[in-house]
1. Which residues, taken from segment 49-72, are over 13 Å from residue 24 (Cβ atoms) and either touching a strand residue (DSSP E or B) at 6+ places or on another chain (Cβ under 8 Å) or buried (at least 21 other Cβ atoms within 10 Å of the Cβ) (or both)?
2. If we only count helices (runs of 4 or more DSSP H) wholly inside segment 151-264, which ones have 1 or more residues that are under 19 Å from residue 91 (Cβ atoms) and touching a strand residue (DSSP E or B) at 6+ places or on another chain (Cβ under 7 Å)?
3. Out of 87, 61, report the one residue that is closer than 21 Å to residue 242 by Cα and not in a helix (DSSP H, G or I).
4. Check off (1) buried (at least 20 other Cβ atoms within 10 Å of the Cβ); (2) closer than 27 Å to residue 228 by Cβ; (3) more than 13 Å from the chain's Cα centre (by Cα) for residue 149 and give me the number that stays unchecked.
5. Does segment 187-211 hold any residues that are more than 23 Å from residue 22 (Cβ to Cβ) and surrounded by 16 or more Cβ atoms within 10 Å (Cβ to Cβ), and which are they?
């Protein structure tokens, strides 16, 4: 299956590193023009240069802006007025005891993880429907279904994205635009190796260490290892393609079997 996104413009929020960067790279390899987004110009430019170095012929646009603000979203839409593929990847997380989560934290998590995605969808969806083609995706998490006791504010936002995705899919019904969410499982991103080695024997090679970590601390995973960002990107690229034209309003899992359910 050849996924050809030539002639399409994509925006990936929070794409200077980790899952977002892997998604941007995957879309660029498939021929899309890709907007790389982050809050700071330096990190965005570094992400752009890395992409150009690793993906031959990559057509990349630097889009520095804090999309969790009205001003940042306006700057993004000014830099990229028309987008064919919108991947709402931006998200924050931290462990906080449930009864210690403040009102300010609840508001910030909603602003960054949910409202930023809603705002950009509201900006770009009309153009997609007018053109009769488009792809909107929200990067959710297993935490949307298996709410983590140590960060229920994060889990709440990922659950909200499932609802947002389904709702906007109904808004786009019959237009040629698809809207989906991607449920990502435990992933090998920056800082995760240090976290793993805090919990398992530091003398173990990485492959053994992560499997021991998964066995002891994430036993419900059927993959029994951390997911690589590129594996999540592969699903996003597919959902961005013409081949995924009949998949919409869905919560598609790339969680390594972490969620112990037949349906999300």
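Just so it is clear, none of the values below were taken in a lab; they were calculated from the coordinates. Computed from a prediction, not measured in an experiment: that's the story for all the values here. All Cβ positions, glycine included, derive from the backbone under ideal geometry; neighbour counts span all protein chains shown.
1. Within segment 49-72, 64, 65, 67, 68 qualify.
2. In segment 151-264, the matching helices (runs of 4 or more DSSP H) lie at 152-171, 229-239.
3. Answer to the selection: 87.
4. Of (1) buried (at least 20 other Cβ atoms within 10 Å of the Cβ); (2) closer than 27 Å to residue 228 by Cβ; (3) more than 13 Å from the chain's Cα centre (by Cα), only one is false for residue 149: (1).
5. 200
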